[in-house]
Amino acid sequence: MAVSVFDLFKVGIGPSSSHTVGPMRAARLFALRLQTEGRLAATARVAAHLYGSLGATGKGHGSDKAVLLGLMGHEPDAVDVDAIPALLQAARKEQALRLLGTQPIAFREKTDLVFHRRESLPFHANGMRFEAFDEAGAPL
């Protein structure tokens, strides 16, 4: 069985790919699940909660950027690195983003991206939880 260097090393953004690749993939998978379940169009807001090492050091290691990009539908090994600053700046300025590049939602980073600095989830040191809400604020 041949093993490629790409099987050994994963490409990611930020100073710590361990804090960006997983969160970006998880955020994108969450948005894809909303789409698959037919809930994407009803989604008006999402919240992301980061725990363990992601919660403690995630902001400094780029986890915040990775989550936003993943929610927008970007993948770690395919995102246009040169476009990242403009994408993040627009989302932060508008306090909104487009889930999977299509569904416009409100996203206020200060309240919708929560770093639980001293709390861990069972089963993994770098856990995350995502929530989706409709226009009335009811959980989807």
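Derivation of every value follows stated rules applied to the coordinates shown; laboratory data play no part. What you are looking at is a predicted structure, and each value in this text was computed from that prediction instead of being measured. Don't worry about glycine lacking a Cβ; one is built from the backbone with ideal geometry, like all the others, and counts go over all protein chains shown.
Measuring nothing but how far apart in sequence close Cα pairs (under 8 Å, 6+ apart) lie, relative to its length, the chain scores a relative contact order of 36 percent. Summarising the overall dimensions of segment 91-140 from its C-alpha atoms, the Rg and Dmax are 13.3, 36 angstrom. For SER120, the residues whose amide H sits under 5 Å from its own are GLY52, ignoring neighbours fewer than 5 places away on the same chain, with H placed 1.01 Å from N. Computed packing ranks the peptides 127-133, 18-24 as 18-24, 127-133, most packed first, by mean other Cβ atoms within 10 Å.
Between the alpha-carbon centres of segment 118-140 and segment 102-116 there is a gap of 12 Å. Divide the volume of the convex hull around the Cα atoms of segment 37-87 by the residue count and you get 120 Å³ per residue. Nearest 5 percent is fine: what portion of the DSSP beta bridges confined to the chain is antiparallel? Just about 75 percent of them are antiparallel. Once the Cα-Cα distance is subtracted from the 0.36 nm per residue extended length, the ALA125 to ALA42 segment shows a gain of 26.7 nm.
Thinking of segment 13-133 as a set of Cα atoms, what percent of all their pairs are more than 22 Å apart?
Working: 1922 of 7260 pairs.
Every Cα pair in segment 13-133 considered, those over 22 Å come to 26 percent.
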